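Trainee: Let me begin by handing over the structure; questions about it come next.
The values are calculated or read from the model by the stated rules, or taken from the named source; none is laboratory data. Given the structure is predicted, the values throughout are model-derived calculations rather than measurements. When we count neighbours, we look across all protein chains shown, and the Cβ atoms used for this are built from the backbone with ideal geometry, even at glycine. Each accessible area value is taken on the protein alone, full model and side chains, heavy atoms only, with ligands, DNA and RNA left out. Shrake-Rupley method; radii C 1.70, N 1.55, O 1.52, S 1.80 Å.
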Amino acid sequence: MKAGKRILAGVAAVIMTITLLAGIPMGEKGIVNAARRTLKNPSRNSEGVVTWDCVYFGNYPQSDATGKTKDPIKWRVLSVNGDDAFLVADRNLDVQRYNDTWKSVTWETCTLRSWLNGYGRSSNVCGTDFTNNNFIDRAFTDSEQSAIRSTAVENKDHPDYGTEGGKDTIDKVFLLSYDEITNPDYGFSGDYR
């Protein structure tokens, strides 16, 4: 399986990232209201302890093993640039395979990308249609989805292993890249291990 830089494990404990249009006041309980709050980039104190701003956005089953009860999704703010806030889920939200079959894939053609974003069968190597059974529609209302920006996702080859990253994509929900998970500006260590 060619996983490129988008995968951190063979079966992904799915910690998604999104770019939120922070300038839209959502007004719902627990949701960021830009008129009342200014989001900040992560900060590190003199002892190296990182503090992230956090927001609640969307709902997904997290505390109920049956999946019937949805809980607000807590997101850490990785960076703020004008009206854009780059967010990562504070906890694993699901466990999905990177790809449903053992085939050579990149982020562009894997089933995980299709499931996260609700793409149809032509978007993944397995030909599975996720337009009616996907993460984005289950986690976010139409109004919330309109606040999530489509992001140009750069899929570089893995710097240590040379694993092919594949073509760049445009997605609303995606996994952190190698470069992102080692970016100290986001509050992470420079060592992905």
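Trainee: Pick out, in residue order, every one of the trypsin sites (Lys or Arg not before Pro) in region 52-138 that is DSSP loop and has at most 15 other C-beta atoms within 10 Å; say none if there are none.
Mentor: 68, 70, 91, 103
Trainee: Which ³J(HN,Hα) values, rounded to whole Hz and listed in residue order, are derived for region 38-55 from phi using the Karplus coefficients 6.51, -1.76 and 1.60 in 6.51 cos²θ - 1.76 cosθ + 1.60 with θ = phi - 60°, glycine and proline given as x?
Mentor: Once θ is set to phi - 60°, the couplings for region 38-55 become 9, 7, 10, 5, x, 10, 10, 7, 5, 8, x, 6, 9, 10, 10, 5, 10, 9 Hz.
Trainee: Whose amide H sits under 5 Å from the amide H of residue 172, counting only residues 5 or more places off or on another chain, with H placed in the peptide plane?
Mentor: Those qualifying (amide H under 5 Å, at least 5 residues apart or on another chain) are 151.
Trainee: Please give the residues of region 66-110, grouped as numeric ranges, whose backbone N is less than 16 Å from a label point set 7 Å along the Cα-to-Cβ vector of residue 49.
Mentor: Once the point is set 7 Å along Cα→Cβ of residue 49, nothing inside region 66-110 turns out to lie under 16 Å by backbone N.
Trainee: Modelled label-to-label distance, residue 63 and residue 131, 7 Å Cα→beta-carbon offset: nm?
Mentor: 3.6
Trainee: Moving on. Please give the net charge around residue 65, taking every other residue with its beta carbon less than 14 angstrom from that of residue 65, where Lys and Arg add +1 and Asp and Glu add -1.
Mentor: Residues close to residue 65 contribute a combined charge of -1.
Trainee: Work out, step by step, the length gained on full extension between residue 138 and residue 170: first 0.36 nm times the residue separation, then minus their alpha carbon distance; give nm to one decimal.
Mentor: 9.5 nm
Trainee: Looking at region 31-110, which chymotrypsin sites (Phe, Trp or Tyr not before Pro) are DSSP coil and have at most 10 other C-beta atoms within 10 Å of their C-beta?
Mentor: Qualifying residues, ordered by number: 102.
Trainee: Additional query: Using 0.36 nm times the number of residues separating residue 81 and residue 41, minus their current alpha carbon distance, what extension gain do you get?
Mentor: Full extension of this stretch gives 13.5 nm more.
Trainee: Residue-wise, which Karplus ³J(HN,Hα) couplings in Hz belong to region 61-75, taking 6.51 cos²θ - 1.76 cosθ + 1.60, θ = phi - 60°, and x for glycine or proline?
Mentor: Each residue of region 61-75 in turn: x, 9, 9, 10, 4, 7, x, 7, 9, 9, 10, x, 8, 8, 10 Hz.
Trainee: Ignoring ligands, DNA and RNA, what percent of the accessible area of region 85-193 is carbon or sulfur (1.4 Å)?
Mentor: Here it works out to 44 percent.
Trainee: Would you mind counting up the charge near residue 145? Only other residues with Cβ under 10 Å from its Cβ, with Lys and Arg at +1 and Asp and Glu at -1.
Mentor: Net charge around residue 145: -2.
Trainee: Please work out whether region 52-177 counts as rounded, prolate or oblate from its C-alpha gyration tensor, where a ≥ b ≥ c are the square roots of the eigenvalues and a/c under 1.5 means rounded, while otherwise a/b larger than b/c means prolate and anything else oblate?
Mentor: In terms of gyration-tensor shape, oblate.
Trainee: Could you list which residues have their amide H under 5 Å from that of residue 118, counting only those 5 or more apart in sequence or on another chain, with H placed in the peptide plane?
Mentor: For residue 118, the qualifying residues are 135, 136.
Trainee: Express in nm, to one decimal, how much length is gained between residue 182 and residue 95 on full extension, taking 0.36 nm for each residue of separation and deducting their alpha carbon distance.
Mentor: 29.1 nm
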